[in-house]
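Chemist: So that we are looking at the same thing, I have put the structure below in structure tokens.
The values are calculated or read from the model by the stated rules, or taken from the named source; none is laboratory data. In this text, all values refer to a predicted model and were calculated from it rather than measured experimentally. Here the Cβ positions follow ideal geometry from the backbone for every residue, glycine too, while neighbour counts run over all protein chains shown. Calculation scope for accessible area: heavy atoms of the full protein, side chains included, ligands and nucleic acids excluded. Shrake-Rupley method; radii C 1.70, N 1.55, O 1.52, S 1.80 Å.
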Amino acid sequence: MFDAIQAARADAILGLMDAFRNDANPDKVNLTVGVYKDETGGTPVLKSVKVAEAKLLEGESSKGYLPIGGLGEFCDLTQDLYFGNGHEVVSSGRAATFQTPGGTGALRVAADFIHQNFPTASIWCSTPTWPNHPKVFTAAGVNVEHYPYFAADSHGVNIEGMLDAIKAAPVGDVICLHACCHNPTGADPSAEQWGQIADAVYARGLLPFLDFAYLGFGDGIDSDRSALIEFARPGAELLVASSYSKNFGLYRERVGALTVVTADAASAKTVASQVKATIRTNYSNPPSHGASIVREILVDQVLRQQWDGELSEMRERINGMRKLFTQTMAERLPDRDFSFIERQRGMFSYSGLTADQVDTLRQKFSIYIVRDGRINVAGINPGNVGPLCDAMSSVLGAG
Ligand SMILES: Cc1ncc(COP(=O)(O)O)c(C=O)c1O
């Protein structure tokens, strides 16, 4: 039977990583992957995570299964972290949170839940979006539609196009929104635009689904949660997928959460029973280690402060590199405006390079960028920014 199976299409980013690994140029630069890099190009374990792990090793007394919805305390702490302490959505009991294997697990559980409970609903994704969004939703059997998002000329959000699409979407559909640090463009709506988007989404009777993979990576936790707070209006329903991969550096531990906000506490209980049924037939119950680390850090004042500091350090390094890259490009190509890189937020930006220019950068300069022009800003450091900007200006100057 297996002989008839055709090979799946290779993942473009993973293919580039292989090519990078095999590239003998000592000055090669990798701006493809979706993980945070420090100044030395490494992705170290956070110090607060190390301390929490030592405590866990000492104190863990059982390897018994977790409940289907995961560690209760982790779920409560997730609600406080994302909505802020004392938010009505949490205190009223109308939010139900489930620990999931990463943010991707949350997306998949939500998609299964949508497919089972709203079988005719489509999920609308931004153009462009994280390529796994449509793949995960389609794999769950949900139809995917696309709304305009990025305005290439301004390097910002095409708010008119987005609002028009929202106003025309079928009532009862779901709209997937990047809560902050849009991947792949780095372009986020302003606070005022988020207000307009939430007005339009609720006026049209759509269910907002906020994908929150980068809390703390934009301008800080308080500021980054503002889109979510905008949507958490009295009585409003929404879905939130949270990931702890980036902000706790727990990529391989697979820590995330799905939060369903319903109109009232009774409805939250009913919906929770359906989400649990979905999880039970998927992976049964989540893994413990990563969520226990997050719990350990968020309940301990000292560890939490340490983590806050480490998160700020990551964020400030990325935003510092955005500034340095913009300044260096301004020196190399004074006629070209790269200030949008400094304005954008999160780990990624659309550089504006064409696929041909990306190929030239790789072939001539061993600089690796995804072919749609997305760069991982966290891959830039004071040591490689000069050669990177030299190469980019050479390619852009020639173009
Ligand atoms: C927009 C977006 N959503 C979700 C995820 C999933 O994260 P996780 O690794 O926690 O599954 C990512 C990871 O890159 C992402 O960029």
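Chemist: When you check residue 71 against the structure, is it under 19 Å from residue 102 (Cβ atoms), open to solvent by 30 Å² or more (accessible area, probe 1.4 Å), among the hydrophobic types (A, V, I, L, M, F, W, C) and touching a residue at least 40 places away in the same chain (Cβ under 8 Å), yes or no?
Modeler: Yes; evaluated as a whole, the condition is true for this residue.
Chemist: Moving on. Quick test of your reading of the structure: residue 172 fulfils all but one of (1) over 24 Å from residue 111 (Cβ atoms); (2) loosely packed, with under 15 Cβ neighbours inside 10 Å. Name the failing condition by number.
Modeler: (1)
Chemist: Let me ask another. Kindly evaluate residue 50 against the criterion of being basic (Lys, Arg) and either free of Cβ contacts under 8 Å to residues at least 40 places away in the same chain or in contact with a Phe, Trp or Tyr (Cβ under 9 Å, 6 or more places away or on another chain) (or both).
Modeler: The answer is yes for residue 50.
Chemist: Using the structure shown, decide if residue 341 is part of a helix (DSSP H, G or I), of a type outside the set (S, T, N, Q), open to solvent by less than 10 Å² (accessible area, probe 1.4 Å) and touching a strand residue (DSSP E or B) at 6+ places or on another chain (Cβ under 8 Å).
Modeler: Yes: the conditions hold for residue 341.
Chemist: Before we move on, is residue 38 open to solvent by less than 50 Å² (accessible area, probe 1.4 Å), in contact (Cβ under 8 Å) with a residue 40 or more places away in the chain and away from the ligand (no atom under 16 Å from the Cβ)?
Modeler: Answer is yes for this residue.
Chemist: Any idea which of 291, 391 is more than 27 Å from the chain's Cα centre (by Cα), assigned to a helix (DSSP H, G or I) and surrounded by 18 or more Cβ atoms within 10 Å (Cβ to Cβ)?
Modeler: Exactly one residue qualifies, and that residue is 391.
Chemist: Now for a separate question. Let me confirm something: among 297, 318, which residue is in contact with a Leu (Cβ under 8 Å, 6 or more places away or on another chain), among the hydrophobic types (A, V, I, L, M, F, W, C) and open to solvent by less than 10 Å² (accessible area, probe 1.4 Å)?
Modeler: Residue meeting the stated conditions: 297.
Chemist: Now for a separate question. Identify all residues within region 226-275 that are within 16 Å of the ligand (Cβ to nearest atom), open to solvent by 20 Å² or more (accessible area, probe 1.4 Å) and within 22 Å of residue 344 (Cα to Cα); write none if there are none.
Modeler: Listed by number, the residues that qualify are 246, 249.
Chemist: Considering only residues that are in a helix (DSSP H, G or I) and either in contact (Cβ under 8 Å) with a residue 60 or more places away in the chain or within 16 Å of the ligand (Cβ to nearest atom) (or both), look in region 191-225 and name the one that is most open to solvent (accessible area, probe 1.4 Å).
Modeler: 222
Chemist: Also, quick follow-up: Return the pairs, sorted by first residue and then second, in which the second residue is modelled with pLDDT of 95 or more, the first residue lies in region 100-112 and is basic (Lys, Arg), the beta carbons are less than 9 Å apart, and the residues are 6+ apart or on different chains.
Modeler: These pairs meet every condition: 108/100; 108/101; 108/136; 108/137; 108/139; 108/140; 108/282.
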